Amino acid sequence: MRDFPLFPDQASTVATQVDQLYFFLVALSLIFAGVLPFVILYLIVRYHRSQEVDRSNPVNSNLKLELTWTIIPLILVMLVFFWGAFLYVQIRTPPMRTLDVYVIGKQWMWHVQHPNGKRENNELHVPIGQPVKLIMTSQDVIHSFYIPAFRVKQDVLPGRYTVMWFQATKPGEYHLFCAEYCGTEHSLMIGRVVALPLADYERWLATPGPVILPDGSIDTGRPTVVASPGDPMAAAGAQLFTNLGCAGCHAMAGGGVGPSLKGLYGATEKLNDGSTVTADENYLHESILNPNAKIVAGYAPVMPSYQGQISEDQLNQLIAYIKSLADTGN
């Protein structure tokens, strides 16, 4: 991992495309900002009143010239617009099958949990050649998860989930930054992304490491590099679901006080007010912490709030369990 290269490595599937658009915009800027001023300066000097030039037949209009300087910039602007729009959609739309990794931003560190329960602080290990989707939330203020070598960045917000995906293409270690000012130690909220071949990633995933607690603290090992396998997130979520007594109301076969959660994730739910909502991560997050915000049609608002009773880590585990009850391909 080089400290600060002039241009970061191109280490993801979208990095080259982002750079191509960037350099095209730089080239256009140089043409319009670097060439046109000299043309204007030349015309000012050449046709200054002190110069002896023929002014006997001044030109009032030139349709070809006016169409040229109108149509060419229009084409260039529309090219940049559609190029950027298609690239944005590609970057913002995860593939159907991804490796889902949960990330919690907190002052001032990144806490990561993999599907098998393994946790890391200020590090993110990912496999090469496999799409990885980060499901991110903040424990306190707005942060921003930024990997320059992958050309991806996404704000991380308190109280809701944001999603970012990428596919690493080159093994190596890459910088990880918080790109949103988040307090006095913002500049220290840094880490690294380690891209590994799939076999090495699976080996790392199964390797025990220092113990890391749900709140992000550890009792052994280096303070910023932590990794330890634990219960798979869905299994931990299932246990938490039972311990909290959720199964008493949300019977999987239906007919309970609350709706069944089987097949819920990704489905469209009809609400008491007649509107509909897609049961994604944000809906599940809100329903656990503020259950009266959106009441499913046919059910009473009797679910208690778990705000302040469970951590963001436990929320992620519950959501991972609910997602495992739906056959979505994730």
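The values are calculated or read from the model by the stated rules, or taken from the named source; none is laboratory data. Note that the structure is predicted; figures quoted are calculated from it, not measured. Cβ: placed from backbone, ideal geometry, glycine included. Neighbour counts: every protein chain shown.
Can you tell me which residues in the range 182-208 are buried (at least 17 other Cβ atoms within 10 Å of the Cβ) and β-branched (Val, Ile, Thr)?
Passing the criteria: 193, 194.
Run residue 59 past the list (1) among the β-branched types (Val, Ile, Thr); (2) touching a residue at least 12 places away in the same chain (Cβ under 8 Å); (3) not in a helix (DSSP H, G or I) and report the number of the one that doesn't hold.
(2)
So residue 91 clears everything in (1) touching a Lys or Arg at 6+ places or on another chain (Cβ under 7 Å); (2) in a helix (DSSP H, G or I); (3) closer than 30 Å to residue 233 by Cα except one condition, right? Which one?
Unmet for residue 91, out of (1) touching a Lys or Arg at 6+ places or on another chain (Cβ under 7 Å); (2) in a helix (DSSP H, G or I); (3) closer than 30 Å to residue 233 by Cα: (1).
Only one of (1) modelled with pLDDT under 90; (2) in the same structural domain as residue 206 (by TED's automatic domain parsing) is not met by residue 123, so which one is it?
Among (1) modelled with pLDDT under 90; (2) in the same structural domain as residue 206 (by TED's automatic domain parsing), residue 123 violates only (1).
Does the range 31-47 contain at least one residue that is assigned to a loop (DSSP other than H, G, I, E, B) and either more than 30 Å from residue 281 (Cβ to Cβ) or over 19 Å from the mean Cα position of the chain (by Cα) (or both)?
Scanning the range 31-47, I find at least one residue that is assigned to a loop (DSSP other than H, G, I, E, B) and either more than 30 Å from residue 281 (Cβ to Cβ) or over 19 Å from the mean Cα position of the chain (by Cα) (or both), so the answer is yes.
For residues that are of a type in the set (A, V, I, L, M) and more than 18 Å from residue 237 (Cβ to Cβ), scanning just the range 101-133, find the one that is surrounded by the fewest Cβ atoms within 10 Å (Cβ to Cβ).
Of everything passing the filter in the range 101-133, 128 is surrounded by the fewest Cβ atoms within 10 Å (Cβ to Cβ).
Conditions (1) within 26 Å of residue 103 (Cβ to Cβ); (2) in a helix (DSSP H, G or I), marked per residue:
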| position | (1), (2) |
| --- | --- |
| 254 | no, no |
| 264 | yes, no |
| 288 | yes, yes |
| 291 | yes, no |
| 294 | yes, no |
| 298 | no, no |
| 319 | yes, yes |
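Before we move on, is residue 104 under 30 Å from residue 25 (Cα atoms), under 15 Å from the mean Cα position of the chain (by Cα) and of a type in the set (A, V, I, L, M, F, W, C)? Let's see the steps before the verdict.
On the way: under 30 Å from residue 25 (Cα atoms): no; under 15 Å from the mean Cα position of the chain (by Cα): yes; of a type in the set (A, V, I, L, M, F, W, C): yes.
No; evaluated as a whole, the condition is false for this residue.
How many residues, within the range 132-182, are charged (D, E, K, R), touching a Lys or Arg at 6+ places or on another chain (Cβ under 7 Å) and farther than 25 Å from residue 95 by Cβ?
1
Can you say whether residue 176 is modelled with pLDDT of 75 or more and on the phi < 0 side of the Ramachandran plot, as far as the supplied structure shows?
yes
Take the conditions among the aromatic types (Phe, Trp, Tyr) and either under 21 Å from residue 162 (Cα atoms) or in contact with a helix residue (DSSP H, G or I) (Cβ under 9 Å, 6 or more places away or on another chain) (or both) and apply them to residue 110. Does it pass?
Yes, satisfied.
Within the range 285-302, does at least one residue satisfy the condition of being buried (at least 19 other Cβ atoms within 10 Å of the Cβ), under 21 Å from the mean Cα position of the chain (by Cα) and of a type outside the set (Lys, Arg)?
yes
Here are 9, 19, 54: which of them is charged (D, E, K, R) and surrounded by 15 or more Cβ atoms within 10 Å (Cβ to Cβ)? Give the derivation first.
On the way: 19 fails: surrounded by 15 or more Cβ atoms within 10 Å (Cβ to Cβ); 54 fails: surrounded by 15 or more Cβ atoms within 10 Å (Cβ to Cβ).
Sole residue among the options that is charged (D, E, K, R) and surrounded by 15 or more Cβ atoms within 10 Å (Cβ to Cβ): 9.
So which residues in the range 282-313 are touching a helix residue (DSSP H, G or I) at 6+ places or on another chain (Cβ under 6 Å) and in contact (Cβ under 8 Å) with a residue 40 or more places away in the chain, if there are any at all?
Passing the criteria: only 306.
Restricting the first residue to the range 69-92 and requiring it to be in contact (Cβ under 8 Å) with a residue 60 or more places away in the chain, which pairs with a second residue that is among the polar types (S, T, N, Q) and in a helix (DSSP H, G or I) meet a Cβ separation below 8 Å and a spacing of at least six or different chains?
Going by the 8 Å Cβ cut-off, the qualifying pairs are 87/17; 90/17.
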